[in-house]
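Have a look at the structure below, then the notes.
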Amino acid sequence: PRIFYRQLSIIGSTSGSRAETLRMLRFMEAAQLRPVIDSVFPFERIHDAFRRTTQPDLFGNVVVEIAKS
């Protein structure tokens, strides 16, 4: 109800099923494909990571590391 009454929009995408994801990961491993990483931030700097995604010189993915407890 909160989303409806506030007329909010939710935008996103799905990655497919679990089986499709596993098939894609096996393909990436066999083809030796690696994602392009632009930068890595600790979770404590998540706001800096988000700002990085808005920069015109961004090339690749921005990673936010979450420390294991």
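The values are calculated or read from the model by the stated rules, or taken from the named source; none is laboratory data. Treat the numbers as computed from the prediction; the structure is a model and nothing was measured. Counting neighbours? That spans all protein chains shown, and the Cβs are built from the backbone with ideal geometry, glycine included. With ligands, DNA and RNA removed, areas are computed over all heavy atoms of the protein, side chains included. Shrake-Rupley method; radii C 1.70, N 1.55, O 1.52, S 1.80 Å.
Here the label points at Leu8 and Ile46, each 7 Å from Cα along the C-beta direction, are separated by 1.5 nm in the simple model.
Sum up the charges of everything whose Cβ sits under 11 Å from the Cβ of Val64, counting Lys and Arg as +1 and Asp and Glu as -1, but leave Val64 out. Write out the running numbers ahead of the final one.
Numbers: positive: Arg45, Arg52; negative: Glu44, Asp48, Glu65.
Taking every Cβ under 11 Å from that of Val64, the sum is -1.
Heavy atoms of the protein chains alone define the surface here; on that basis region 1-50 has 99 Å² accessible area per residue at 1.4 Å probe size. Keeping the other protein chains in place, figure out the carbon and sulfur percent of the accessible area of the chain, with a 1.4 Å probe. For the chain, the apolar C and S fraction of the accessible surface comes to 58 percent.
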